[in-house]
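**Q** Provided herewith is a single structure, encoded as structure tokens, for subsequent inquiry.
The values are calculated or read from the model by the stated rules, or taken from the named source; none is laboratory data. Please read these numbers as outputs of a predicted model, since none were measured by experiment. Here the Cβ positions follow ideal geometry from the backbone for every residue, glycine too, while neighbour counts run over all protein chains shown. Each accessible area value is taken on the protein alone, full model and side chains, heavy atoms only, with ligands, DNA and RNA left out. Shrake-Rupley method; radii C 1.70, N 1.55, O 1.52, S 1.80 Å.
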Amino acid sequence: MTKSIRKALGKRNQTLDDVVISRVIVQEYTRELLEYLESDVAIVGGGPAGMVAAYRLARAGKKVVLFERRLSLGGGMWGGGMMFNKCVFQESSKPILDELGVRVAKVHEGYYVTDSIETVSVLCASAVKAGARVFNCMSVEDLMVRGGRVTGVVLNWSPVMAAQLHVDPLSARAGVVVDATGHAAEIARIVVRKIGKKLRTRTGDLLGEEPMWAEAGEKAIVEHTKEIYPSLYVAGMAANAVFGGPRMGPIFGGMLLSGQKVARLIEAIA
Ligand code: 48H
């Protein structure tokens, strides 16, 4: 308990003071936000790829912050396929689910199914418990770039952006930034829009997502998980949007494997 909270409580003969509750929230949030304005890794987007990357990197001892636009993490995973809230996984991704303790049922040789609500909840809890700090309701709207390298992200409250209010953002420095924003590949697009066609793709531009093909899409997503501009990595669906690869529909193993791969690549650099 901080001095100011002790003082506020001391003045009143009650156990629950509304303003103390407010003070705790504002103080604790502000303290952590200040702490995470500098991090080793800033992950943009809390879908399956971002959550696995956050879990692995935090467990490896990195100071990890994850910024998520929405209230909840989970991205496109909650709705399974067409809101049938089941997720399908292939054999290669099963060890990740087993490690985290997601209950998996084998339905066919090489086909596993999970409850999407359980899967999102476990991935989210694993990332947070491993030490990743999540700031929800925050959107990354720009990048810090210095000397030809990404050095951080530029943040605003999602409701500010949704209401199109003219409110200037704040900046957070990070050693490495991960674009895990899903189909939109928003962070890679910022590079092209503001710096030019400088991505490490064939043309320097985003090559765009291709039509649905589960097998090819799942393979491509892991191959395409890499550094796309100095200190900017791409993971998850955004990787196929950047490098040109099929979407894969409601199979989620590639997202977990992509999150795992980006974490390994980042762990290897420092
Ligand atoms: C803060 C942002 C911003 C921003 C976006 O879409 P996701 O679930 O992404 P992945 O890549 O982890 O998983 C993709 C998967 O869900 C999927 O869509 C599949 C498998 N599709 C196949 C198919 O054929 O359709 O999560 C991305 C997250 C979301 O929660 C966004 O809200 C968030 O990123 N986000 N957060 N700042 N600028 N942009």
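**Q** Dipole magnitude of the stretch 168-241 about its Cα centre, charges +1 at Lys/Arg Cβ and -1 at Asp/Glu Cβ only, in debye to the nearest 20?
**A** On the way: 10 positive and 10 negative charges, 89 e Å.
Computed about the Cα centre, the dipole is about 420 debye.
**Q** Same structure again: Provide HIS108, HIS166, HIS183 ordered by accessible surface of protein heavy atoms (probe 1.4 Å), highest first. Can you show the working numbers first?
**A** Working: HIS108 125, HIS166 175, HIS183 95 Å².
Result of the area sort, largest leading: HIS166, HIS108, HIS183.
**Q** If packing is taken as the average count of other Cβ atoms within 10 Å, what order do 204-212, 22-30 fall into, highest mean first? Display every interim value, and only then the final one.
**A** Values: 204-212: 15.0, 22-30: 11.7.
Descending mean neighbour count gives 204-212, 22-30.
**Q** So for the chain: antiparallel DSSP bridges make up what percent, rounded to the nearest 5?
**A** On the way: 24 of 43 bridges.
The antiparallel proportion sits near 55 percent.
**Q** Give me, ordered by chain and number, the residues 5 or more places off TYR233 or on other chains with an amide H under 5 Å from its own placed amide H.
**A** When sequence neighbours closer than 5 places are left aside, the close amide H contacts are VAL177, VAL178, ASP179, ILE228.
**Q** With the contact rule set at Cα under 8 Å and sequence spacing of 6 or more, what percent relative contact order holds for the chain? It would help to have the intermediate numbers written out before the result.
**A** Working: 565 pairs, mean separation 56.7, N = 270.
It rounds to 21 percent for the chain.
**Q** Further question: Does the stretch 104-197 come out rounded, prolate or oblate, given a ≥ b ≥ c as the square roots of the eigenvalues of its C-alpha gyration tensor, rounded meaning a/c under 1.5 and, failing that, prolate meaning a/b above b/c? Before the final figure, lay out the partial values.
**A** Details: a/c = 2.18, a/b = 1.86, b/c = 1.17.
Prolate shape, in that a/c is at least 1.5 and a/b is the bigger ratio.
**Q** Straight distance only, please: which lysines reach the Cα of LYS63 with their own Cα at less than 24 Å, same-chain residues fewer than 8 apart left out?
**A** LYS129, LYS226, LYS261
**Q** Tell me the carbon and sulfur percent of the accessible area for the chain, rounded to whole percent, probe radius 1.4 Å.
**A** Working: 7690 of 13560 Å².
The computed percentage sits at 57.
**Q** Heavy atoms only, 1.4 Å probe, whole protein assembly: order LYS219, LYS226 by accessible area, highest first.
**A** Working: LYS219 135, LYS226 80 Å².
If we order LYS219, LYS226 from most to least accessible, we get LYS219, LYS226.
**Q** Let me ask another. Averaged per residue, what accessible surface does the stretch 85-201 expose to a 1.4 Å probe, in Å²? Intermediate values should be presented prior to the final figure.
**A** Working: 5870 Å² over 117 residues.
On a per-residue basis, 50 Å².
**Q** Where in the stretch 27-56 is the amide nitrogen less than 18 Å from a point lying 7 Å along the Cα-to-Cβ axis of LYS129?
**A** 51-56
**Q** Sticking with this one: Report for the stretch 29-180 the percent antiparallel among DSSP-assigned beta bridges with both residues inside it, nearest 5.
**A** Values: 21 of 35 bridges.
Percent antiparallel among DSSP bridges in the stretch 29-180 is about 60.
**Q** Hey, what D do you get for the stretch 163-239 in µm²/s if you plug the Kirkwood alpha-carbon radius into Stokes-Einstein at 25 °C and 0.890 mPa s? Provide the component values of the computation, followed by the final result.
**A** Values: Rh = 13.7 Å.
D = 179 µm²/s.
**Q** I'd like to check one number: the per residue accessible area of the stretch 213-270, probe 1.4 Å, reported in Å² as a whole number.
**A** Numbers: 1950 Å² over 58 residues.
Value for the stretch 213-270: 34 Å² per residue.
**Q** Does the chain come out rounded, prolate or oblate by the C-alpha gyration tensor, with a ≥ b ≥ c the root eigenvalues, rounded set by a/c under 1.5 and, if not, prolate when a/b is larger than b/c and oblate if not?
**A** Numbers: a/c = 2.04, a/b = 1.35, b/c = 1.51.
Judged from the Cα gyration tensor, the chain comes out oblate (a/c at least 1.5, b/c at or above a/b).
**Q** Roughly speaking, what is the centre-to-centre gap between the stretch 156-193 and the stretch 31-66 when only Cα atoms are used, to the nearest Å?
**A** Here the answer is 15 Å between Cα centres.
**Q** Rounded if a/c is under 1.5, else prolate if a/b beats b/c, else oblate: with a ≥ b ≥ c from the C-alpha gyration tensor eigenvalues square-rooted, which is the stretch 107-149?
**A** On the way: a/c = 2.99, a/b = 2.05, b/c = 1.46.
Prolate shape, in that a/c is at least 1.5 and a/b is the bigger ratio.
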